[in-house]
Every structure is written in structure tokens, then in C-alpha cells.
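Each reported figure results from applying straightforward, stated rules to the coordinates on display, with no laboratory input. For clarity, every value in this text was computed on a predicted model and none was experimentally measured. Cβ atoms come from the backbone with ideal geometry, glycine included; neighbour counts cover every protein chain shown.
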Amino acid sequence: MSTQAVADNYAVKLGRNRLGLWLFIFSDMFVFVGLFVARMVLLGPNRPELNQMLGLAVTVLLLMSSFFMNRAEVEMAHGNRPAFLRNTFITMTLGVLFLLGVVGVEWQIAPFGPADGAQGAVFYSMTGFHAFHVLTGVIFLYIVWNNGRRGAYSAEKHWGVEACAVYWHFVDVVWMFFYVGLYLMGSPV
Amino acid sequence: MIHFIIVSVLVVISTILLGLFLTNAPLLPVQASMQAETVDWLFGIHWWFIAFFFSLIVVFMLYSVVVFRRRKGERGDGKYITGSHRLEIVWTIVPIAIVIWMAVIGASTLSDVERRDPQAITVDVFASQWVWRFEYEVPVQGEGGETILTAITSDTLVLPNHRQVVLRLHSEDVIHSFFVPEFRLKQDVLPGGEAFVRELRVTPKEEGTFKVRCAEICGQLHYAMQASVSVVPQAEFDAWLQEQSGECNLGDAECGQRWAQTYGCLACHSITGETVLGPTWLGLYGSEVPLDDGSTVTADEEYIHTSIVDPNAQIVAGFPSGVMPQDFAEKLTEEQVQQIIAFIMSLQ
Amino acid sequence: MRFFSTSLFRGLVAQILATFVGMAFAMAIRVVVGLPVSSADPELQKHITEVIVIPGVIIGAIGFMVGVGIFKDWFKWARGKPTSDNHDPDPAKPNWMRYFSVDYDHKVIGIQYGVTSLLLLGIGGSLAMLFRTELAQSGISFLSRGSIFEAILSKPWEVLAGQQYSPEHLFNTMMSLHGIVMIASILLGVGALSNYLVPLLIGARDMAFPRLNSFAFWINVPGALILVSSLFFGGFDTGWVGYPPLSLRAPLGMQMFLIGVYLVGLSSISGAINVIVTIFTMRAKGMTMFKMPIFAWAALATAFIQFTATQLIGLSFQLVMLERLLGMKFFDATAGGDPILYQHLFWFYSHPAVYVFILPGLGIISELLPVFSRKPLFGYRWVAFSSLGIALVGFFVWAHHMFASGMSPYLRLPFMYATLLVAVPTGVKFFSWVGTLWEAKLTFPTPMLFVLGSIVIFLLGGVTGPPLGTIATDLHLHDTYFVVGHFHNTMFGGYIFPFFAAIYYWFPKITGRMYNEKLGKLHFWMMWIGFMVLTLGMFYVGLLGMRRRVVDYDADLGFDPTHLIMTIAGFAIFTSVLIGLYNIVRSARRGAEAKGNVWNSRSPEWQIPSPAPLHNYAQPFEVVGEPYDYGLPGSIYVNMAPAPSGPPGAE
Ligand code: HEA
Ligand code: HEA
Ligand code: CUA
Ligand SMILES: [Cu+2]
């Protein structure tokens, strides 16, 4: 592989970007693993008492969003821009709803504040760190959607979309674990 | 080949010399506990490995530096050797064997150090910024002749010789660490109540006085957080306990002196006129005390009283506030405070 | 004055403004939600200042990054504007300006890293000199009340952090700051090495992600500034490990420490990702993994550690910040928290981190030894794999820092086993080095002296590891000067000495001039001897029970003479480094021309003119041989043809 060609060859660049993105995600994963470990150490067999319905609802929202995200990517790969835009927009909306559900509602109705013992610390830190990632994801989605409207992507060249999708799925998977850790595992304190 | 023989000889010689030096030089403090024996034995092993591996590498290196250096006017490169899997395997396997064995003796020495003696007596150690306090439980005769347990506090850790003691370590604020070099033992002291109490077992084997020093940085006066440990014969120890546990039926000043002892005042306040962490008590009573706000007060009983129960109310000029423990109001009974004041007044 | 148009200057201005904006913002919010913005109660006042200052500091850091213009392209992209891939510097600018501006050339970034790293070394070292002076004899004299330190610091401490001056607190602060600043310095130095060398060695025209690369450098600047500023925000007296609950009570300076280190960590992570991608995807034609110059392997192993473990120190620091700011109870044992948890999170990074410090250094040693022995590197593959081995095992030993911490007892044995195991791959390196020296044709210019010196020192640091690794002995040694001796040896042997070796070795490549050999040798001997004296003293007092992190020690322990000697030795090291820097600065301007293959090395970067041109290699070269086949007649490593200059390969 000659270094000169590397400088401006989309395929090669794509390869690098993919590798870079996955490395980043692997790295980011450690934060969430760390938080989960903290939860195990501090709460062990217990779990914060939370609104199960709400928890389930936001989880479903996020799962659905991942589905639409995937649709969006596939559509773009087939060069179907309107469908791509539609799906991206839906993903974005679901993401926002998720945020409202967690930060806007759950945080308000939770029977404990951040400063209330271990469960407060665990709950607000886990949801907080994750919510922050969702927020960045939503911003990312908006940018991709916006650039998409301006026709920045094509069936061949849509790395931006792909990156956004990977990131979004990652944030989603993380929540699956956090949902179990916060809502299902152990018995409420 | 000849090179190898020479170097090997040199390595052996240097190993022996270095090893003998390390094992004989006075590198460790006196050995004052049974545990220390085990620890020092393990040190002995380590010295020899250090001696060997250090010699091995360094001698080979120096030899090459001397023998294989480029002579004047010499050209060309060194011998073309890219490596040897056999050698590499050897010097992977051998160290593996060594470290495994090391780990094994490491484990056995650890279990030695932690061996439990059912006869062990218990002492509760309380660490707080920046004082040590030791509590003993002693059986005493109640009115009805029945024996009841009373707790006594002391600022020195008094231990009977040749008797294992279980130190139950409590911290009242941050993490501290119990360390007596002569005992070769160390254990962090954690805050957070029963769940975080850690135990340390030590069996003194040398009479004498040592120092327990806090080994985990715990803030401003970490360096000064120390108390004395005195190892005495069993009989003397029992006598001491009885004497401490008895009601104080001496004069006020004398009792005050004892409380000042046991509650660690004297760790910071000298009665000899020198300044330790706090102002000396010698001649304190009636003197004009400059405060850090510039004003001065006469050290009457009332002033001293507040200084004890609420140290930060008035800060003596040139001394930090918040250094003197704030909780003597709870720890001391009003009577004890009065007696301490009497003691301070007696220091003219 | 052109300086005012550099990114650096713009960044600093932006940071200052943004900091105040941030603070105003925080204050405004408090007013809106009806929280007090000031209080008579000093404790509460401290907290209020903190929750107002911290957002300011964070926004300030972001402000800096915006100010230097690092985000320009990303913003463009976000607004759907096209971004160009031509990162070449604006020819209108004078060359020196590139070093103070956002520049995408890996060599420039490498230098930027290096100089910043030296500055931090200077700060950290100067702090060491100050507290060493205090330690020179028992009793508190040098820092005591009424000293100029009180004159300088008591006001800022009082105003910014409600902290009153005391020599003890100042000592603790300087000691802790020394530790962490030095570590930051190492991390930047590592960045300098891998950024400057990796593309050159593997024949790439630049790093994989130039923008990310310069982001990774620039984030260090606000990071370092904030970190050092903690000295004025009341300092922090927790040591560089910042264990809670103490770190929950420490003054505002604690937060500066946390934020500063966090930013530096961010740099590590992004830098590491860049290195990995570069090495995996940008190697020259015919350069298989096992034909890379050995340093590339070291850089790779280092990057693996950095981009994973670093996240956890970041996390643990964030949790402490949250507990301080919002009272979330992670570590406060009295309210359901667990102080030990922090120690696990912290050491999960900070142990692997110590291998981050040394792996590049050891790579340098393995890289230079063959050149100066005119002999192949003994057991290339084994050396390469030992780096990975160290990195891997290094992940399973962290709790050896916690043998005395009161963690669950059953954790201790496995960690003891793992800890001792690290000796094996490290040993492989040492033995292979000896193998390389054997029957060689050694020459001893300054770089080689530093290499040999570092081997001895690192060995000393290494062999003092096992006594710390076996629990029984560690119970005596933990938190004594023995540990201090141990890690100064490992860090000097594994980083500082190799780093200077690298500076001297590649100096002609970087500047096209030769350094002064005499001064170089003087630098080495002064530093080596001084250092040996310093740390042998540390081991000695440590074994006798001298605790770490104490401003004073009982005179009747009889440590005074040793400490005095150690202090003197410390100053010797300090001066030697000054000499070294003088040498570098002077030779860079007046040194003799050194254009060609100075060390007559085989590796590619020496086959092109010095200083290396923009984008390194005019034509991509092809690897046709082994990197270290010195002594094999007629063999060459790289085929530069059609080369613009330089003879093909080494003879
Ligand atoms: C800079 C890097 C660095 C390196 C490379 C090392 C290497 C090692 N370290 Fe060190 N260490 C630190 C930096 C480093 N350390 C720091 C900064 C601290 C203090 C943190 C703090 O509290 O502030 C510390 C503290 C520390 C402790 C905790 C001490 C305490 O606080 O109680 C321990 C305990 O096990 C330890 C062990 C080891 C071991 C076993 C190695 C091994 O990797 C050493 C391996 C090398 C050799 C053994 C020599 C060469 C090998 C051979 C010649 C082969 C044959 C040898 C044998 C079979 C023995 N280190
Ligand atoms: C790379 C890491 C590094 C380096 C190089 C050093 C260098 C030195 N260190 Fe240390 N040190 C640590 C890392 C390091 N240290 C760490 C991590 C701790 C633990 C902190 C803690 O316990 O929390 C520690 C702690 C520590 C202690 C224990 C403090 C205590 O526990 O109370 C001591 C005591 O002697 C000490 C001494 C020294 C001395 C004398 C030097 C000398 O070698 C310094 C010599 C000076 C220099 C090498 C700099 C010279 C540079 C210039 C002159 C450049 C100036 C020009 C420009 C501005 C560009 N250090
Ligand atoms: Cu208590 Cu240090
Ligand atoms: Cu370690």
C-alpha cells in the first residue's frame, strides 16, 4: 500500500475511520463497565426503587429508535434519500423522547435525590452518563440529518451516516445493560 | 566460550559479595514481633535474588562494555547473531519457575504473619486527624461484687510481651494507616463504622517503647500523627490496666493530668514550655494569650474551658485553627474538663 | 509582534474569557433557582465558590480549544460545509509560528508535545527541589511561616479557597503536585516520541487522523495550566492518588487536579487511537508487523493500554468531582459509599499507566542498542511480544497497591501471583539486551551512554518490585521511601533516561545539526551518579521505616545525614538537566551541520535529508529486508529507490 495513494483514496480512508470509530467505542465502553462495577459494589443485591412502567417505556423507545436507525442506514446504502431522512428523523425524535422520559420524568419522580445514599449516587450517575451519550447521539443525528438534506451522502459515500448509526446502536446496547442493572436486577431497597 | 566462563565466575563472585552485604548490613529496624521474624526471613530470600539478577545483568553488560567495545581504527560490524529461541525459552521458563516458587513462599509467609492465636487480647484503636486513641476493655468489680467491663482510653498503646493482640482499627474521619516499623506490619484504618473495621494481629517479642506512625497521608498534620507503643511484661500490663480502670480518686490536678494523658492532649501540648502542635500549657493560666484576630485575652478558667470544648472559638495567634479536635465536649465529662483545667492551672 | 496571532495566544485569551463567562453563568443559574451566591459560614462559602468556579474552569478549557481553532473543520462539517484535506502549513507564516499554532504535521506536533513535556518536567523538578530542601534536615524550616512562600501563597489561598497557609499543607501540595506533574510530563513525552517517530519509522506521510492528533496535543495545554494552577487554589494534600474521603475534604485545588488530569487523560486516549490506526493501516510497502522497527511495537503496546485503562481514572475522578459538587455518596463510607471502590478504579488505570511510562522507553533502548552495537537486536520477536506481554499482564496486577488497604482479603493472593509474573516478560527484554551487547562492536556516544545507564537504573527499579509484590514484605514497605525509590528507578530507567537518549539520538534528524558531545557526556554522568545516590538513599531510609509524604521526621531516627545527601544529589540531577537543555538549545542554533546518516543506521528516517521534509518521504519506499541485520554483508532494510537523496540502506 503506497503512502501517497493513501492520502486521497476514499476506500482506504473509510477503512481507517471504521477502525478508529470501533476503537473509540471499545474505549468508551470501559466507562460504562466501570459504572456498572460501581453499581455492583455499592448496591450489590439491591436496586433503587423506580417506576417500572416508565423504565420499560423508555427502553422500548430506545430499542425502536435503533430499529429506525438501522433502516435509515440501509436506505442510504440503497441511495433512497427521502426514506433515509424520514427514518433518521424518527430515530432522532425517539431519542429526544427517551431523554425526556429519563431526565424530564424519571429524575423528577424518583423518591430519592442524587445526594441520598448509594442508590442516589448510582442511579443518577449511571443514567446521567448514559443520557449525556444519548444527547451527543441526538446532536450527531441532527447533523447527519441536516447534511443529508443538503445531499452530503450518496449510496457509495455515507460514512457519516454509518458512524452515527454505529454510535447510536452502541448507546442503545449500553442502555440494555443499564436497564437490567437499575430496574430488573436484585430486589428494591 | 572463554568469555562465558570468565563472566560466569564474575557473576558468581559479585552475587555472593552483594548478597552478603545485603543480608548483613543493618537495613531493617529492630525485630520486635513474631511476625517480623517471618517477614525478615522473606526479605532474606529477596536479597539473594536481587543480588543474583542485578549481578547477572550488570556484570554481563560491563563485561561487554569493556571487552566488546570498538577498538581504535577498527571498522566493520559486530557478530551477526539474530537470536536463539532455545536461550529465549530458557530465560522465560526459569524466571517463571522462580516467580511461582516466590509466590508460594509469599503465600505461606502471609499465612504465618496472619496466624491467629485464640488467647489473643483485643484493643480498639481509634484514629482521627491527627491523633491515635486506644481503648481497652477491663473487667472490674461492680458494687454487687459482680464483674463488669469498663472501657479505658489511653494515648499510648501498652502491650503485654509475648502475647498476641488483635488491634481493631476504627477511623473517625479519613483513611489512616497503622504502622510500627519494628513490628513490620501495616494496615490502613478505614472510616465508616463496624463494616469497615479492619483487624491487625501482632505478637510483640521485645520489651521497649516504639512509635506507631500514621502511614497513609491524611491531611495537614499526617507527618505528626504518632503515638508511643510500649511493650511490657504481662504482670506490669495487668497492673497498668487495673490502675487505669480504677476510679480516679486522687486530687483534681492529678486526675486532670491522667485525662490529659489518656485523651491525647499531651500529644500536642507540652507541659515543659516547648511548643509541639499546640501552645504549651506551662504558665498558660493567667497569661495574656494573643489571638489571631490581633486581640489578647487573659487565660482564665473560663477561657481555657472554651478553648477545650470549642477550640475554634478563639484561635491562638500563630497556630492553625481546626487542628485541635473539636469533639472533646462529647468525649470528656464536665468533671474531667474541670480537673484538666485544675491541672493546667497547676502548671506555673 | 506575530506571537499575538498564534493559536496559542488566541487560545489563552479565549480560555480566560470563557472561564469568567462560565462562572457568571453558574452564578446566574444559582440566582435564578434561588440558591445563595455567598454565605457568612466559611464552610458553606467554600462550597459555593467551588460550584461557581468549577463550571468556569471547564468552560474555560473548552474555550481554549475553540480559541486555538481546533474545531474549525468539525464545525464546518457540522454545518454541512466542505472541508479540505490539505493540511499543509500556510507558507506565508514564518516557520517558528507553526509551533505555536494548530499544525497538522506529525513532526511539528511531536515537537510541541516534547517541549511541553520538558516544561512540565521543569516545573515538577523545581517543586521537587523545593520540598527536597525542606526535607534536607529534620524540623520545619524552609517552608515555615514567614517564609516567602507564605508571602506569595497565603493571600490567594485565603481568597480563592478559604485555606490558610501552613508549611505542612504547602509541603503536601508540592509533593502531590510534583508527582502528578511529572506523570503528566511523562504522558506528553510518550506522545512526543510516538507522534514524531511512528510515521517516520513505518514510512507513513503523517498520522492517520491529523485533526484528532493536534486536538490530542492542544487539550494538554489547558489541562496542564489548570493542573498547575491548583497550587494557587489552596493546593491539595492527598498525594497524586487523591484517595477519598480525604480528597472530598481537600481545598479547591483538588478540583483543579482532577480536571487537569482528566484533560491530559483525554489526550492520551485520542492520541492512542491515532497511533493504533496509523500502525495498522499506514505501514510502508512490504513492512509486515514483524519488520517494523521495534519502537513501533512498543508504541502499539502503549497505545493499547492508554486507550482502554485511561477511561477508568477519568471515571474515578469524575465521581470524586460529583461527590464534591453534588454530594453524591460514592465514597463516603458513613453514607453507604465505599472508599475502597475508588482505589480499585484508580489503580485499574494507574498500574497499567506505569507500563505506559516505560514501554516507549524500553522501545527506545531496543531501538538504539543494535545501532551502537552494530549487531542485530537479539530475539526481535521475543522483544516485540514481551511488550505486549507486559501490557497484558499489567492489567491484572493493580491491587498490589492495595495490599494494606483492607480490601477483601481473598483478592490479595491472586494479585500477588500476577504481580510477580510481570517479572518474566520484563526479564526477556533485559536478557535480550544483554544478548545484543554480547560480541558486539560497541561505541559510546551520548545516546548510548543514556541507554546503558537506563538499563542499570531500570533493573534496580525492577528487582525492587518483587519485594513489594510479596504481601508479607509489602506490609512493611508500603508507603515508605522504599516504594518511592522503586518507582523513581523504574520511571527514570524506563522513561527519563531513554527519553534523553532519544533526544540526543534524533537531535540531528530534528534540527539537522549535531549536539555538543562533551556537554552531553557531562549531562549523563552528573545525572546518573546523582540519581543513583538519590535513590539508594531512598531505599535505605525506606527500609528503616521512613514514611512517604511527610514534611518532617524525628531527628532521633538518624535520617538527617542521608536526607541531606539525597537533597544534594537531587540538585545535581537538576543542574545536569539544565546543562542538557542548554546543550540542546545552543546546538540547535550553532551546532555543526549534520545532514546525512549520522549514526549510519539502517532505519528509513536516516535515509532522507535532515530535518525530515514535510510528508517525510518524497516517494514511498519498499521494505526488502530485516530492520536490524547489522553485520550481514550486503543486506538492506528499505529500498528508497527512486530515492531523492541518501544512499540506499546501510552498508
Ligand atoms: C514506572 C513504572 C513502574 C514499573 C515498570 C514498575 C514495575 C513493577 N512494580 Fe511498581 N510502582 C510504580 C511504578 C512502576 N513499577 C509506582 C509509580 C508505584 C507507586 C505508586 C504510588 O503509591 O505512588 C509503584 C508501586 C509498586 C507496588 C506497590 C507498593 C506499595 O505501595 O505498597 C508494587 C507492589 O507489588 C509494585 C510492584 C512492581 C513490580 C513487581 C514491577 C515489575 O514490573 C518489575 C519487573 C522487573 C524486574 C523483576 C527486573 C528485571 C527482570 C529480570 C532480571 C528477570 C528475573 C527476575 C526475577 C525472577 C525476580 N510497584
Ligand atoms: C517522572 C517522574 C518523576 C521524576 C522525574 C521525579 C524526580 C524527582 N523526584 Fe519524585 N516523585 C514522583 C515522580 C517523579 N519524581 C512521583 C509520582 C512521586 C509520588 C508523589 C506522591 O507521593 O503522591 C514522587 C515523589 C517524590 C518524593 C517523595 C515525596 C514524599 O513522599 O514525601 C521525593 C522525595 O525525595 C521525590 C524526589 C524527586 C527528586 C529529587 C527528583 C529529581 O530527579 C528532580 C530533578 C529535576 C528534574 C529532573 C527537572 C529538571 C528540569 C529542568 C531544570 C528544566 C527546567 C527548564 C525548563 C522549564 C524547560 N519525588
Ligand atoms: Cu493519619 Cu496519616
Ligand atoms: Cu503497580
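Selection of first residues in region C:321-345 that are over 21 Å from C:THR49 (Cα atoms) and at the interface with another protein chain (Cβ under 7 Å from one of its Cβ atoms) and of second residues that are of a type in the set (S, T, N, Q) and part of a helix (DSSP H, G or I), restricted to Cβ pairs under 8 Å at least 6 apart or on distinct chains, gives the following pairs, ordered by first then second residue: C:PHE330/A:SER125; C:GLY336/A:GLN119; C:LEU345/C:SER316. Tallying residues that are touching a Pro at 6+ places or on another chain (Cβ under 9 Å) and farther than 18 Å from B:VAL12 by Cβ within region B:45-76 yields 1. Residues that are touching a Leu at 6+ places or on another chain (Cβ under 7 Å), surrounded by 22 or more Cβ atoms within 10 Å (Cβ to Cβ) and away from chain B (no Cβ under 12 Å) do not occur anywhere in region C:145-157. Taken together, the residues in region B:190-225 that are within 16 Å of ligand 1 (Cβ to nearest atom) and β-branched (Val, Ile, Thr) amount to 1.
For C:VAL598, the conditions (1) of a type in the set (Val, Ile, Thr); (2) away from chain B (no Cβ under 14 Å); (3) not in a loop (DSSP other than H, G, I, E, B) are fulfilled apart from (3). Just the residues that are touching a Pro at 6+ places or on another chain (Cβ under 7 Å) and assigned to a helix (DSSP H, G or I), please, taken from region C:163-197. Answer for region C:163-197, where residues must be touching a Pro at 6+ places or on another chain (Cβ under 7 Å) and assigned to a helix (DSSP H, G or I): C:VAL190, C:LEU193, C:SER194. Between a first residue in region C:43-66 that is acidic (Asp, Glu) and a second residue that is buried (at least 21 other Cβ atoms within 10 Å of the Cβ), which pairs have beta carbons less than 6 Å apart while being 6 or more apart in sequence or on different chains? Sorted first by the residue in region C:43-66, then by its partner, the pairs are C:GLU50/C:LEU252. Just name the residue that is nearest to the other protein chains (Cβ to nearest Cβ) out of those in region C:231-241 that are surrounded by fewer than 23 Cβ atoms within 10 Å (Cβ to Cβ) and out of contact with any Ser or Thr (no Cβ under 7 Å at 6 or more places or on another chain). The residue in question is C:VAL241.
Cβ separations smaller than 7 Å between residues 6+ apart or across chains give the following pairs from region C:531-553 residues that are at the interface with chain B (Cβ under 7 Å from one of its Cβ atoms) to residues that are of a type in the set (Asp, Glu) and crowded, with 22+ Cβ neighbours inside 10 Å: C:ARG547/C:ASP479; C:VAL551/C:GLU134; C:VAL551/C:GLU168. When restricted to residues that are of a type outside the set (A, V, I, L, M) and either in contact with an Asp or Glu (Cβ under 7 Å, 6 or more places away or on another chain) or at the interface with another protein chain (Cβ under 8 Å from one of its Cβ atoms) (or both), region C:409-432 contains 6.
Applying a threshold of 9 Å to beta carbon distances and a minimum spacing of six or more residues, or different chains, the list of pairs starting in region C:348-369 at a residue that is under 13 Å from C:PHE499 (Cα atoms) and ending at one that is within 11 Å of ligand 4 (Cβ to nearest atom) and not hydrophobic (A, V, I, L, M, F, W, C) reads C:PHE357/C:THR490; C:ILE358/C:THR490. So which of C:PHE450, C:PHE378 ends up being part of a loop (DSSP other than H, G, I, E, B) and either more than 10 Å from chain B (Cβ to nearest Cβ) or buried (at least 20 other Cβ atoms within 10 Å of the Cβ) (or both)? Answer to the selection: C:PHE378.
Among the residues of region C:118-139, those identified as surrounded by fewer than 17 Cβ atoms within 10 Å (Cβ to Cβ) and either over 16 Å from C:PHE574 (Cβ atoms) or touching a Cys at 6+ places or on another chain (Cβ under 6 Å) (or both) are C:SER138, C:GLY139. Test C:VAL428 against the stated conditions and say whether it is closer than 30 Å to B:PHE183 by Cβ, under 25 Å from the mean Cα position of the chain (by Cα), in a helix (DSSP H, G or I) and hydrophobic (A, V, I, L, M, F, W, C). Judged against the criteria, C:VAL428 is not a match. When you look at B:ALA36, is it over 23 Å from B:VAL99 (Cβ atoms), within 11 Å of chain C (Cβ to nearest Cβ), in contact with a Phe, Trp or Tyr (Cβ under 8 Å, 6 or more places away or on another chain) and buried (at least 18 other Cβ atoms within 10 Å of the Cβ), yes or no? Yes; evaluated as a whole, the condition is true for this residue.
Restricting region B:100-113 to residues that are within 7 Å of another protein chain (Cβ to nearest Cβ) and among the aliphatic types (A, V, I, L, M), the residue that is nearest to the chain's Cα centre (by Cα) is B:VAL113.
Among the candidates C:LEU266, C:LEU300, C:LEU325, the residue that is surrounded by fewer than 21 Cβ atoms within 10 Å (Cβ to Cβ) and within 17 Å of the chain's Cα centre (by Cα) is uniquely C:LEU266.
Return yes when C:PHE317 is away from chain B (no Cβ under 14 Å), away from ligand 3 (no atom under 16 Å from the Cβ) and surrounded by 24 or more Cβ atoms within 10 Å (Cβ to Cβ) and no when it is not. Judged against the criteria, C:PHE317 is a match. Looking only at residues that are crowded, with 24+ Cβ neighbours inside 10 Å and within 11 Å of another protein chain (Cβ to nearest Cβ) in region C:381-403, which one is nearest to ligand 3 (Cβ to nearest atom)? Selected residue: C:PHE403.
For region B:63-99, what are the residues that are of a type in the set (D, E, K, R), more than 7 Å from chain C (Cβ to nearest Cβ) and closer than 22 Å to C:VAL383 by Cα? Matches in region B:63-99: B:ARG86 only. Quick one: how many residues across region B:73-117 are part of a loop (DSSP other than H, G, I, E, B) and out of contact with any Phe, Trp or Tyr (no Cβ under 9 Å at 6 or more places or on another chain)? Final tally of qualifying residues: 8.
A Cβ distance below 6 Å, combined with a sequence gap of six or more or placement on separate chains, defines the contacts here; from region C:620-632, residues that are more than 8 Å from chain B (Cβ to nearest Cβ) and in contact (Cβ under 8 Å) with a residue 24 or more places away in the chain reach residues that are of a type in the set (D, E, K, R) and surrounded by fewer than 18 Cβ atoms within 10 Å (Cβ to Cβ) in the pairs C:GLU622/C:LYS285. Restricting C:GLY361, C:GLY406 to residues that are facing chain B (nearest Cβ under 10 Å) and among the small types (Gly, Ala, Ser) narrows the list to C:GLY406.
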